[in-house]
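Everything on this sheet refers to the single structure shown next.
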Amino acid sequence: MGNHQSTSILESKKVVVVGGGFAGAHAIRHLQGKCQLTVIDPREYLHYSIGSLRASVQPGFEKNIFVSHNEAWGQSFKQGRVTSVDPERKVVILEDGEEVQYDIVVIATGSSVPFPGKVGLNVTTSAEAEELFKEFQGKIKTANRITIVGGGAVGVELAGEIATDYSEKEITLINDKDDIIHVSFKEKFRQKAKEQLEAMGIKLILGERVSNLDELTTDGSQPCSLVKTDKGREIETDLVIHAIGIQANCDAYKDNFADKLDERNFLKVNKFLQVDGYTDVFAVGDCNNADQVKMATKAMNQMEVLAQNIKALVDNGEMIPYKEETIMTLSTGRNSGVTQFKSVVFGSLLTKKLKSQHVFIHRFWKETMGLDLKE
């Protein structure tokens with residue numbers, strides 16, 4: 001009786017999800033068919049960024065990482081750019097002036113990182129996005145010396161992808177920290193990743209900052225670049241790839257929630273993933289401040305909490321708190337990688353089966369988007 005009543009109440013509620021990226025997609029999947037759902041995103045497609053680095057190297061893989069919102073969400077999807085969320089009037093305002101009313105709004109606008117980690121929000125069609133990756137594959141193929149700036153997950157995975165397919169290339173990875181990957185992960189995890197990269201012939205330069213990054217082109221338009229570090233090192237390279245920096249996609253909320261932003265423009269949320277001071281405004285995924293390290297697996301865990309808490313909200317039930325867990329599955333190409341789950345670290349044997357061979361692509365299309373991968 002209680003469950004039926006909760007479902008009935010939720011079915012009458014207008015829930016708007018602002019942002020159809022990775023976090024948004026998981027939120028939508030949990031909410032679809034249970035409420036009056038509207039999904040708003042400026043692009044016609046979802047970019048599956050977990051597969052971006054594979055698509056940067058492997059021709060043809062780029063078509064696997066873009067999924068049509070229309071195909072996945074049908075009439076629930078509305079393409080448009082949200083310029084404001086008004087919590088007083090309970091409306092989402094689009095660039096063309098249209099207003100969409102809500103009872104509950106889920107802000108899932110995500111974050112931006114340099115290409116090829118993610119595609120810019122201004123790239124609105126999948127055809128355009130696929131072409132960017134095809135061009136980038138060509139640049140990697142023709143470059144003999146490649147320098148990657150950044151030793152986080154994107155830089156490490158990209159280095160591994162390139163070395164797997166092009167073992168003859170000179171690949172250098174530079175990180176301004178004395179190690180790779182975030183320090184919240186165990187030293188054993190980071191050490192295994194370093195050993196795998198070095199075994200593939202990748203040169204690691206750690207504890208040095210690129211001092212002339214602003215002067216370097218990262219689109220391959222220059223035939224040769226000279227990368228300089230603050231320790232006086234100079235590296236001649238054919239292609240520089242920028243793999244550092246994350247920015248909150250905050251245009252939709254920065255005005256009306258200015259006092260709810262942290263120093264990096266991520267929304268401050270409570271333990272239930274509600275924006276501080278609001279019961280009917282949730283923020284999930286990269287755009288909130290719940291996680292110290294932004295990762296897709298953590299976004300998925302947030303969605304489980306979100307789904308239960310929205311139901312609890314409409315039914316006056318008890319909400320459950322979200323707690324960040326230390327978990328990462330890091331690929332270093334198709335044949336190796338390292339995984340950490342809480343305090344336990346696993347090597348290539350498990351990681352290859354979990355992620356490295358397929359980067360979860362079939363599972364994402366089927367379980368999250370409800371579609372079959374079009375191979």
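The values are calculated or read from the model by the stated rules, or taken from the named source; none is laboratory data. Note that the structure is a prediction, hence the values are computed from the model and not measured. For neighbour counting, all protein chains shown are included, and Cβ atoms are generated from backbone atoms with ideal geometry for every residue, glycine included. These area figures cover heavy atoms from the full protein model, side chains too; ligands, DNA and RNA do not enter into them. Shrake-Rupley method; radii C 1.70, N 1.55, O 1.52, S 1.80 Å.
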Partners for Lys194 among aspartates and glutamates (Cα-Cα distance below 20 Å; same-chain residues under 8 apart left out): Glu157, Glu161, Asp165, Glu168, Glu170, Asp176, Asp178, Asp179, Glu208
Cβ charges +1 (Lys, Arg) and -1 (Asp, Glu), total dipole of region 215-260, debye: 180
Cβ-based net charge around Phe360, under 12 Å, with every Lys or Arg adding one and every Asp or Glu removing one: +4
Lys, Arg +1 and Asp, Glu -1 on Cβ, resulting dipole of region 326-375 about Cα centre, debye, nearest 20: 120
Relative contact order (%) - region 247-375, alpha-carbon pairs under 8 angstrom, separation at least six: 14
Average Cα contact separation per residue, region 23-122, under 8 Å, 6 or more apart, as relative contact order %: 28
Two-site label geometry, Arg89 and Glu198: point separation in nm, points 7 Å out along Cα→Cβ: 6.0
Packing-based order for 224-237, 157-170, 337-350, using average beta carbon neighbours within 10 Å, highest first: 157-170, 337-350, 224-237
Net charge dipole size for the chain [Lys, Arg +1 and Asp, Glu -1 on Cβ; Debye, nearest 20]: 1220
Between region 101-147 and region 260-290, the Cα center-to-center distance that results, in Å: 24
Computed over the chain: relative contact order in percent, which uses C-alpha pairs under 8 Å that are six or more apart: 18
The chain - mean residue ellipticity at 222 nm from DSSP helices (-39,500 (n - 2.57) per run, n ≥ 4, rounded to 500): -7500 deg cm²/dmol
Stokes-Einstein diffusion coefficient of region 113-254, Kirkwood radius over Cα pairs, 10 °C, 1.306 mPa s, in µm²/s: 99
Out-of-range pairs (alpha-carbon distance over 19 Å; input Lys294/Lys342; Lys141/Lys231; Lys186/Lys294): Lys141/Lys231
Degrees separating the helix 126-142 axis from the principal Cα axis of the chain, which is the longest one: 20
Charge dipole of the chain about the Cα centre (unit charges at C-beta), most positive-ward option of Ser343, Leu121, Gln247: Ser343
For region 159-195 and region 45-80, distance of Cα centres in Å: 27
Heavy-atom surface of region 170-288, accessible at 1.4 Å and reported per residue (Å²): 50
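In whole percent, how big is the carbon plus sulfur part of the accessible area of the chain, probe 1.4 Å, protein atoms only?
Within the chain, the accessible surface is 46 percent carbon and sulfur.
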12 Å beta-carbon shell around Gly80, net charge (K/R +1, D/E -1): -3
Filter on Lys268/Lys366; Lys139/Lys355; Lys323/Lys374; Lys13/Lys298; Lys254/Lys323; Lys13/Lys323 - keep pairs with C-alpha separation over 30 Å: Lys268/Lys366; Lys323/Lys374
For region 333-372, accessible area per residue (1.4 Å probe, heavy atoms of protein chains only), Å²: 52
Overall Cα dimensions of the chain - principal axes, largest extent first, Å: 64, 45, 43
Estimated FRET transfer efficiency (His30, Asp176; beta-carbon r; R0 41 Å; 0.05): 0.60
Sites Asn122 and Glu324, calculated FRET efficiency, Cβ-Cβ separation with R0 25 Å, nearest 0.05: 0.20
Pairwise FRET efficiency - Glu263 versus Asp214, Cβ, R0 = 22 Å, nearest 0.05: 0.45
